[in-house]
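The values are calculated or read from the model by the stated rules, or taken from the named source; none is laboratory data. In this text, all values refer to a predicted model and were calculated from it rather than measured experimentally. Every residue, glycine as well, gets a Cβ built from its backbone with ideal geometry; the counts of neighbours run over all protein chains shown.
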Amino acid sequence: MRIAIFAWESIHSISVGGIAIHVTELACALERKGQEVHVFTRMGREDHPAYERIHGVHYHRCPYASSQNFIEEVHNMCRSLVNAFFATENYIGPFDVIHAHDWLTSNAVLWIKQVQSIRTIFTIHSTEYGRCGNNFWEGQSAVIRQQERQATQGVDKVIAVSKALRNEINWMYNTPEEKTSVVYNGVNPWTYGGWVDAGAIRRLYGIGPMDPTILFVGRMVYQKGPDLLVEAIPCILRYYNNAKFVFVGEGGMRWSVQDRAREIGVEDACRFLGWQDGWRLTDLYKSVDVVCVPSRNEPFGIVILEAWSSGKPVVTTSVGGPNEIVWHDVTGLKINPHPESVAWGIGTCLEDFDHCQWMGANGRTAVETAFSWDVIADHVLDVYTT
Amino acid sequence: MAHRELDRSEEKNESSELGLSPQAIRRKGRIGKKADTTKKLSKKFFLKEKKKNLALPSLKEIKEFSRQQAATNVFSQASQTPAPTKGSVEEIQLPQSYDATRLGLLVRDPHWIYAIWTISPADGDKIEEGHRTKDQHLILRVYDVTLVDFNGSNANHSFDIEVGQADNWYINLWTSHVMICAELGLKSSRGEFVPLTRSNFVQTPPHGASWRTDLIWMQVDPQQRKDERIYIEGYKYDPRFDADGNFSSAKMGPSFKKRKYSLTRSEIRLYYERLLPRLREAILARLRGILKRGRMALTGETLSDQKRIRRLIPRLRQWRTGASESFLDFESLEEMRLGKKFFLPGASEQLGASASLQIQPPKREFFFEIWADLIVYGRTQPDAHVSLHGQPVSLRPDGTFTLRYTLPDGQFPFDFKAVAADQKESRSINTQVQRSTNVMPPVMLKGKVE
């Protein structure tokens, strides 16, 4: 099967957010399944070649004109993607499937579909409604919502990353039930394997080797709820006075959260590290005890998969994606988005450390069973063919 | 109480005359300390007017009135009815006077405090006399004594409230988070103040969150004794502290219970496989396709195809084949079958926690099964000793014996030995039984396998 994947970002061009990892890993996994995969993405740096084959996947990087208007710029990118698609097709022959990721590349698919009969798949990672904090805002946001609606109507199959998101699409864009299917996000668990000296990593951040350490990873915005965790800290310190809380991520709420920690006198128990990635983040995952996801709204929650991959239990709010994938008290604890509830979850984990580690090991099993990219690629292939 | 009722009616009348709210009148009283003569004059005028118009009762009259009230109220009528049981509320009546002069303050909220007082009869007479002869009035002087050691004259500031005949007062403060003390006394028109009693000290709470955000560090004295720590009450009951007050994070609370789960790894796998309901069939379908591509033409429909697939799939399960089964062409499968090739453990094909990866048999009610039993029998002299693999075999009285076993597939040797009763001769017989079963796949005479 010859597959074309349209994405506005990938690890090998421009990497902005979660879609880059998703697209790159999915393309690799599909290639391992014996498919011919072409990724059409935008031009990253100037010295990137327009065509490159990386790990067996064909990458086509498309140059486009930038614009002050973001929507217009996205349209320019889509035109460039379409151009590259037809050029490639003229050269190697017809494609079997086009797979677009998010509304940014959906127009390209719709334009191709106007002139050519081809099977089209559209993966929706989050909705504009959810990105605006569950608000229907006007202006550019309304245009993007219209784009998303057209995309879900125009393609053959829509993939949502969680059941909650699928319900949202079905409700908002009136997409038929049988047209949408759920394929969860994946993670590469082997990235998080291996042994690190947790004491050494903790020393790097001024944390004692035996201190109970809790990790928060995510953008510092209201949606992700770092303030809930900060408010819960005094309750936890009352029983575990050497507990430490590591906050990874940037965002609008970062300084207010830090000020709040100072205000309630728990700043010495907090480490605000800002944006981290790569081996630093991986080592952090491996050296903490519990990963906390106090989100108020979460379409999927890749953080949970990353925590499980490194064998750590999660304490997560029972919203959206986490509610579907976490098995309460077996792979993690489900809580309410409320400080006392957060404190309860973390305290329960720290109380029974053997159980905590057991939950983490179960999480690793879960990831290997259902969330590795090989499984996800199998699932996506199933959507391609049925 | 009657006093209060009177006081309120007076206050109402007064305020309606002045066109002011009761609160405003109280504030007026507060200014009274530094009020100019015109205000004092007007106050006097109003007081006189009040006396003239309302004919304000004196303390004695009030007491008389309240006594009459008490004589006619419901509770005293109850004495005609059968006597209530001992200690009931109806029996108890608060005394009119306690023969003491006391003043108490209570905090209502950050901006209001409540003052209540009682005056002994002797002081009541003193007040009455002073009122008559020296133009003295009963006032409540409220001191702000925040952060001072109060000695009667070093208050931060104070204000007066003329309380008339009342015995309690709600005092409105303009600030919060202050320490307040009050004195009840007589104030003459010249400003002389004769205190009768002083109240307790009360601290009003702040009306909002503290604006102080700077860190305040505790001074830790290394010489400090352990039992002087601040949370001395806490650590007594905290199981993480031992008897000497030493902290130990390793100790758990008394309510700590280890949770036990008897879940196995495969059960957790099974749970998470349910998130991907269609995946197993998808993989199987694709495996068929790969086998097809390997020119084996296995469609799963004919007999031999099914046989082959069934032989291959347990192998796949057993060997946990690779992260990518694009290697799974025919040659690779053959090599795997022969054990020559080994793949890295991957994910998709590890789904075999349960046996449902196998091809499901057709769902029909027809069945056909075979079992086998083995019966071994023999005979010898009744008094001989017979053993099988060293184990004695019991003989019937006539010297025969019978052994019965279930017979699964496999080879089973039987080594019998018989020893004569006089121990002079032994005989051995070795026999061997083999069973092998070949169950053929079902053949549909009409229609196809579902």
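Structure data summary
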quantity	calculated
Residue satisfying all of: in the range B:190-206; assigned to a loop (DSSP other than H, G, I, E, B) and touching a strand residue (DSSP E or B) at 6+ places or on another chain (Cβ under 8 Å); nearest to B:His131 (Cα to Cα) among these	B:Ser199
Residue in the range A:53-71 that is among the β-branched types (Val, Ile, Thr) and under 18 Å from A:Glu31 (Cα atoms) present	yes
Enumeration of residues in the range B:267-281 that are within 9 Å of chain A (Cβ to nearest Cβ), surrounded by fewer than 17 Cβ atoms within 10 Å (Cβ to Cβ) and at pLDDT 80 or above	B:Leu270
Hits in the range A:26-52 - residues which are under 23 Å from A:Asp277 (Cα atoms), surrounded by fewer than 23 Cβ atoms within 10 Å (Cβ to Cβ) and within 14 Å of chain B (Cβ to nearest Cβ)	A:Cys28
Index of the failed condition, A:Ser162 passing every other in (1) outside the structural domain of A:Phe122 (by TED's automatic domain parsing); (2) under 24 Å from A:Gly311 (Cβ atoms); (3) crowded, with 20+ Cβ neighbours inside 10 Å	(1)
Tabulated pairs, the range A:31-45, first without any contact (Cβ under 8 Å) to a residue 24 or more places away in the chain, second polar (S, T, N, Q), C-beta under 6 angstrom, 6+ apart or interchain	A:Gly34/B:Ser326
Test result for A:His55, crowded, with 17+ Cβ neighbours inside 10 Å, within 25 Å of A:Ile92 (Cβ to Cβ), not aromatic (Phe, Trp, Tyr) and not assigned by TED's automatic domain parsing to the domain that holds A:Val217	no
One residue from A:Glu368, A:Glu351, A:Glu340 being charged (D, E, K, R), in contact (Cβ under 8 Å) with a residue 60 or more places away in the chain and out of contact with any Lys or Arg (no Cβ under 9 Å at 6 or more places or on another chain)	A:Glu340
A:Lys312 vs. criteria away from chain B (no Cβ under 14 Å), outside any helix (DSSP H, G or I), more than 19 Å from A:Arg219 (Cα to Cα) and out of contact with any Leu (no Cβ under 6 Å at 6 or more places or on another chain)	yes
Residue within the range A:258-267 that is away from chain B (no Cβ under 14 Å) and either closer than 23 Å to A:Pro322 by Cα or of a type outside the set (S, T, N, Q) (or both) present	no
Which numbered condition A:Ala87 fails, given (1) over 30 Å from A:Lys224 (Cα atoms); (2) part of a loop (DSSP other than H, G, I, E, B)	(2)
Residue tally, condition modelled with pLDDT of 90 or more, of a type in the set (S, T, N, Q) and not in a strand (DSSP E or B), over the range A:210-241	0
Residue among A:Arg262, A:Arg280 that alone is assigned to a helix (DSSP H, G or I) and within 30 Å of B:Trp217 (Cα to Cα)	A:Arg262
Selected residue [touching a Pro at 6+ places or on another chain (Cβ under 6 Å) and either surrounded by fewer than 17 Cβ atoms within 10 Å (Cβ to Cβ) or charged (D, E, K, R) (or both)] from A:Glu177, A:Glu231, A:Glu138	A:Glu231
Residue that is farthest from the other protein chains (Cβ to nearest Cβ) [pool: residues in the range A:349-378 that are farther than 13 Å from B:Arg265 by Cα and aromatic (Phe, Trp, Tyr)]	A:Phe353
Among (1) over 13 Å from the mean Cα position of the chain (by Cα); (2) buried (at least 23 other Cβ atoms within 10 Å of the Cβ); (3) in contact (Cβ under 8 Å) with a residue 60 or more places away in the chain - the single one A:Val23 does not satisfy	(1)
Where a residue in the range A:179-195 is closer than 15 Å to A:Ser162 by Cα and its partner, wherever it lies, is hydroxyl-bearing (Ser, Thr, Tyr) and not in a helix (DSSP H, G or I), with Cβ under 7 Å and at least six apart	A:Val182/A:Ser162; A:Tyr184/A:Ser162; A:Gly186/A:Ser372
Neighbours by Cβ (under 8 Å, 6+ apart or cross-chain): first from the range A:240-263, closer than 17 Å to A:Asp211 by Cβ; second at pLDDT 90 or above and of a type in the set (S, T, N, Q)	A:Ala243/A:Thr213; A:Lys244/A:Thr213; A:Phe245/A:Thr213; A:Val246/A:Thr213
Residues that are among the acidic types (Asp, Glu), modelled with pLDDT of 85 or more and exposed (fewer than 10 other Cβ atoms within 10 Å of the Cβ), drawn from the range B:406-450	B:Asp422
Residue within the range A:328-348 that is among the acidic types (Asp, Glu), at the interface with chain B (Cβ under 9 Å from one of its Cβ atoms) and surrounded by 18 or more Cβ atoms within 10 Å (Cβ to Cβ) present	no
Identity of the residue in the range A:240-255, crowded, with 16+ Cβ neighbours inside 10 Å and farther than 18 Å from A:Tyr205 by Cβ, that ends up nearest to the chain's Cα centre (by Cα)	A:Gly251
